[in-house]
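Structure, as structure tokens:
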Amino acid sequence: MKPYLLLFNMCPADNSLSSSIPNELPGIHSVTCIVSIILLVVHYKEETNMKLYYSPGACSMAPHILLNELGKKFTIEKVDMGTKKTDGGKDFNKINAKSYVPTLEFKKDEVLTEVSTILQFLADKAKATKILPKAGTMARYRSMETLNFIASELHKGIGALFNKALPEEARKMAVERVSKRLDYVDGVLAKNKFIGGKSFSVSDAYAFTVMNWGGWVGLDVKKWKNIGRYMDMMASRPSVQAAMKAEGLLG
Ligand SMILES: N[C@@H](CCC(=O)N[C@@H](CS)C(=O)NCC(=O)O)C(=O)O
């Protein structure tokens, strides 16, 4: 339990607590209560103010899936990547100078970017150590190793194939390169149900999202047997279904 919730629980409806407080500390329970209430309000506002800027099916779907898994309160706002305008009529370039999604507004006028960082931020904040091990442990470095692999090899590898101006030879080379990475992923999934082991982890939100682009760029990821099984299993997860529905990808 958060320390201020503990303090808040100690706030008496009447003055019954005063008898247990030493005489030399008059009014300390009132101060404690006021501080805990202020912290409670700040925390609540922070949680409810969390907003994810997204583009349907883009890499922003990874934190979207994770937010659903964590059961967090959040809102989403679509960004038109052509005009860089949000659904709410804002200039997206002013929200994120890098001008790409995902962009997580986690408190007023403060945003966090980069998929792997946002995923770690959200899981750490929720203390969800089952889906992202504690910082400083070897297991955490393994998770970071996987996240970095997904970001630099899969995300950028498959993402490059969206480029219609890519010359045929360059495209062939890009497919060959990413296919080697997918051979590796298929081997991992031959031994494990999920990317990081026996249970769902933050890496699955990310790996599913970028491998799901296969259908849009003409790369049939399901020809890798274990990846095919994994994609079907992930697609049926409630957190994934809810994210895809909210982004307008499912009816
Ligand atoms: N390094 C960034 C890359 C994010 C990225 O590639 N976002 C894409 C969508 S998947 C995007 O918004 N592209 C639009 C643009 O660059 O204009 C991260 O890891 O979050």
From the options 160, 165, residue that is over 21 Å from residue 207 (Cβ atoms), among the aliphatic types (A, V, I, L, M) and out of contact with any Pro (no Cβ under 8 Å at 6 or more places or on another chain): 165
Meets criteria (more than 27 Å from the chain's Cα centre (by Cα), more than 13 Å from residue 224 (Cβ to Cβ) and surrounded by 12 or more Cβ atoms within 10 Å (Cβ to Cβ)) for residue 177: no
Long-range neighbours under 7 Å by Cβ, at least six apart or interchain, first residue assigned by TED's automatic domain parsing to the domain that holds residue 77 within the stretch 93-105, second of a type in the set (A, V, I, L, M) and near the ligand (Cβ under 7 Å from one of its atoms): 101/58; 102/115
The stretch 174-194 residues that are assigned by TED's automatic domain parsing to the domain that holds residue 207, paired with ones that are of a type in the set (S, T, N, Q) and modelled with pLDDT of 95 or more (beta carbon under 7 Å, 6 or more apart): 186/226; 189/226; 190/226; 194/201
Residues that are more than 18 Å from the chain's Cα centre (by Cα) and touching a residue at least 60 places away in the same chain (Cβ under 8 Å), drawn from the stretch 222-248: 248
Check on residue 56, modelled with pLDDT under 65 and either part of a loop (DSSP other than H, G, I, E, B) or surrounded by 13 or more Cβ atoms within 10 Å (Cβ to Cβ) (or both): no
Residue count for the stretch 118-173, restricted to those that are more than 22 Å from residue 221 (Cα to Cα), free of Cβ contacts under 8 Å to residues at least 24 places away in the same chain and basic (Lys, Arg): 4
Elements of type helices (runs of 4 or more DSSP H) contained in the stretch 150-251, each with 2 or more residues being at pLDDT 95 or above and among the hydroxyl-bearing types (Ser, Thr, Tyr): 168-191, 202-211
In the stretch 71-95, residue surrounded by the fewest Cβ atoms within 10 Å (Cβ to Cβ) [restricted to those that are within 16 Å of the ligand (Cβ to nearest atom) and basic (Lys, Arg)]: 94
Residue match in the stretch 123-134 (condition: of a type in the set (A, V, I, L, M, F, W, C) and more than 18 Å from the chain's Cα centre (by Cα)): no
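The values are calculated or read from the model by the stated rules, or taken from the named source; none is laboratory data. Keep in mind that this is a model prediction, so the values were computed, not measured. Reconstructed Cβ throughout: ideal geometry from the backbone, glycine too, with neighbour counts over all protein chains shown.
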